[in-house]
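*Asks:* Can you keep this structure in mind? I'll have questions shortly.
The values are calculated or read from the model by the stated rules, or taken from the named source; none is laboratory data. These numbers come from a predicted model, not from an experiment. Counting neighbours? That spans all protein chains shown, and the Cβs are built from the backbone with ideal geometry, glycine included. For accessibility, only protein heavy atoms count, side chains too; no ligands or nucleic acids. Shrake-Rupley method; radii C 1.70, N 1.55, O 1.52, S 1.80 Å.
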Amino acid sequence: MEYLTFALAKGRLAEKAMDVLSKIGIDCEEMKENSRKLIFTNEDIKCRFFLAKAQDVPTYVEHGAADIGIVGLDTLLEEHKNLYQVMDLGFGKCRFAVAGKPEAADKLNSNNLRVATKYLNVAKHYYFNKKHQTVEFIKLNGSVELAPIVGLADVIVDIVETGSTLKANGLEVLEEVCPLSARLAVNRVSMKMKHDRITEIIKGLKEIEV
Ligand code: PRP
């Protein structure tokens, strides 16, 4: 039997993803050991697992280097790869929001708005296609909350989970963009070639309470 390969977004989602997969009999002892290995195998069930940076998970799945990816909808929306997004896994719930200092609320519909974000495609889609508003985008790679504090931008488009990062920095949600959660993504060819195994996994995941 060929291996079924899973790409998991590093961090909180990966841990939860392995918890959920173990409930349907897909687990990997090797992965629990603390090591510098990048890829882990369970020969008994012919599955391989690797952890990748969230942004890279859709790339591995699109090219078939992974049959299945578990990654946030935020990343899928931003990366926009050619793959099947088959299922909402129900965990990793958070949302995309526009946030800033309370006084930025007055500027939200202005065409001079400066928007900092890690999620440039998501932000462009929101302002151009949904709000029909011209704004200036500033691409950052992390700690985006800094931008409105130090005057780099008026607002940010970012993920809000508990809201504590915003609160700790005197910022607040000014507009909701969309809800987010972890998704199961499948390579288009794998869906045909490994159809039975993949549909069984989807069915199993739908049956358990995530
Ligand atoms: C994300 C996001 C916020 C934070 C939101 O950052 O960009 O900064 O989590 O979580 P909260 O609402 O529960 O405070 P992440 O930890 O992924 O790191 P980053 O700053 O490098 O993007």
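*Asks:* Starting from region 137-210, pick out the GluC sites (Glu not before Pro) whose DSSP state is loop and whose Cβ has at most 14 other Cβ atoms within 10 Å.
*Replies:* Answer by residue number: Glu161, Glu209.
*Asks:* Here's another thing I want to ask about it. Over 29 Å between Cα atoms, which of Lys53/Lys139; Lys23/Lys167; Lys46/Lys118; Lys32/Lys192 qualify?
*Replies:* Distance filter (> 29 Å) returns Lys23/Lys167; Lys46/Lys118; Lys32/Lys192.
*Asks:* Kindly state, as a whole number, the per residue volume in cubic angstrom of the convex hull around the alpha carbon atoms of region 87-210.
*Replies:* Each residue corresponds to 123 Å³ of Cα convex hull volume.
*Asks:* Let me ask another. Over the Cα atoms, compute the radius of gyration (one decimal) and Dmax (the largest Cα-Cα distance, rounded to a whole number) for the chain, in Å.
*Replies:* In order Rg, Dmax, the Cα atoms of the chain give 19.1, 60 Å.
*Asks:* Here's another thing I want to ask about it. If you average the sequence gap of Cα pairs under 8 Å that are 6 or more apart and divide by the length of the chain, what percent do you get for the contact order?
*Replies:* Working: 397 pairs, mean separation 58.0, N = 210.
Value for the chain: 28 percent.
*Asks:* I'd like the orientation of helix 12-22 relative to the chain: the angle between its Cα long axis and the longest Cα principal axis, in ° from 0 to 90, rounded to 10.
*Replies:* Tilt relative to the chain: about 30 degrees.
*Asks:* Counting DSSP beta bridges in region 89-210, what percent are antiparallel, to the nearest 5?
*Replies:* Looking only at bridges with both residues in region 89-210, the antiparallel portion is about 65 percent.
*Asks:* Hey, any idea what % of the chain's accessible area is carbon plus sulfur with a 1.4 Å probe?
*Replies:* 49 percent
*Asks:* Over the chain, give the accessible area per residue in Å² for a 1.4 Å probe, as an integer.
*Replies:* Each residue of the chain exposes 54 Å² on average to a 1.4 Å probe.
*Asks:* For the chain, what is the percent of antiparallel DSSP beta bridges, rounded to the nearest 5? Please report the intermediate quantities before stating the final value.
*Replies:* Numbers: 26 of 42 bridges.
So the antiparallel bridges in the chain amount to around 60 percent.
*Asks:* Only helical DSSP H runs with n ≥ 4 go in: add -39500 (n - 2.57) per run for the chain, normalise by residue count and round the 222 nm mean residue ellipticity to 500 deg cm²/dmol.
*Replies:* Rounded to the nearest 500, it is -7500 deg cm²/dmol.
*Asks:* On to the next question. Binning at 10 angstrom from zero up to the longest distance, how are the C-alpha pair distances of region 5-70 distributed in percent?
*Replies:* So the P(r) values, bin by bin, are 22, 59, 19.
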